[in-house]
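Visitor: This is the structure I have questions about; it appears just below.
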Amino acid sequence: QVQLVESGGGLVQPGGSLKLSCAASGTIFRTNTMGWYRQGPGKQRELVASITSGGRSNYVDSVKGRFTISRDNAKNTVYLQMNSLKPEDSAVYYCSAEVSTAGWDFKAYWGQGTQVTVSS
């Protein structure tokens, strides 16, 4: 069993910054791609950023230049540094990790989500 625990959400003013963290724990043989998703009110969930086990990152166009995803493999932790936040960034942010408990059978696990609200 794998558990993802998120932290770092909160209320910030436009232009502010937040750093989200998500740590995976449990029976982990290998952690592959990790990522952050978000879902705003009345909107579909979208992929914000992802990072491979080798450290290669991808971002949705709307956050490029403002958000940075990183990971610490030793701690099975993924981070999302969010700068120059805009009201449209307000959403529940979820972390996800592809984890294998043994061999090549990867399964996606999700955190419970953390609220990010950008408002003046």
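Visitor: If I filter segment 22-35 for residues that are closer than 25 Å to SER120 by Cα and either open to solvent by less than 40 Å² (accessible area, probe 1.4 Å) or part of a loop (DSSP other than H, G, I, E, B) (or both), do I get at least one hit?
Guide: no
Visitor: A follow-up question, please. Of everything in segment 1-21, what is part of a strand (DSSP E or B) and either under 18 Å from PRO87 (Cα atoms) or not acidic (Asp, Glu) (or both)? Give them in sequence order.
Guide: Within segment 1-21, VAL2, GLN3, LEU4, VAL5, SER7, GLY10, LEU11, VAL12, LEU18, LYS19, LEU20, SER21 meet the criteria.
Visitor: Any idea which of GLN115, GLN44 is more than 10 Å from the chain's Cα centre (by Cα), not acidic (Asp, Glu) and not in a strand (DSSP E or B)?
Guide: None of the other options fit; the residue is GLN44.
Visitor: If I filter segment 87-112 down to residues being surrounded by 14 or more Cβ atoms within 10 Å (Cβ to Cβ) and in a loop (DSSP other than H, G, I, E, B), which single residue comes out as modelled with the lowest pLDDT?
Guide: THR101
Visitor: Determine whether ALA74 is loosely packed, with under 14 Cβ neighbours inside 10 Å, out of contact with any Asp or Glu (no Cβ under 8 Å at 6 or more places or on another chain) and assigned to a loop (DSSP other than H, G, I, E, B). Outline the logic, then answer.
Guide: On the way: loosely packed, with under 14 Cβ neighbours inside 10 Å: yes; out of contact with any Asp or Glu (no Cβ under 8 Å at 6 or more places or on another chain): yes; assigned to a loop (DSSP other than H, G, I, E, B): no.
For ALA74, the condition - loosely packed, with under 14 Cβ neighbours inside 10 Å, out of contact with any Asp or Glu (no Cβ under 8 Å at 6 or more places or on another chain) and assigned to a loop (DSSP other than H, G, I, E, B) - is not met.
The values are calculated or read from the model by the stated rules, or taken from the named source; none is laboratory data. It should be emphasised that the depicted structure is a prediction, and the values quoted were computed from it without experimental measurement. In this analysis, Cβ positions are derived from the backbone assuming ideal geometry, glycine residues included, and neighbour counts consider all displayed protein chains. The area values use the complete protein model at the heavy-atom level, side chains included, leaving out ligands, DNA and RNA. Shrake-Rupley method; radii C 1.70, N 1.55, O 1.52, S 1.80 Å.
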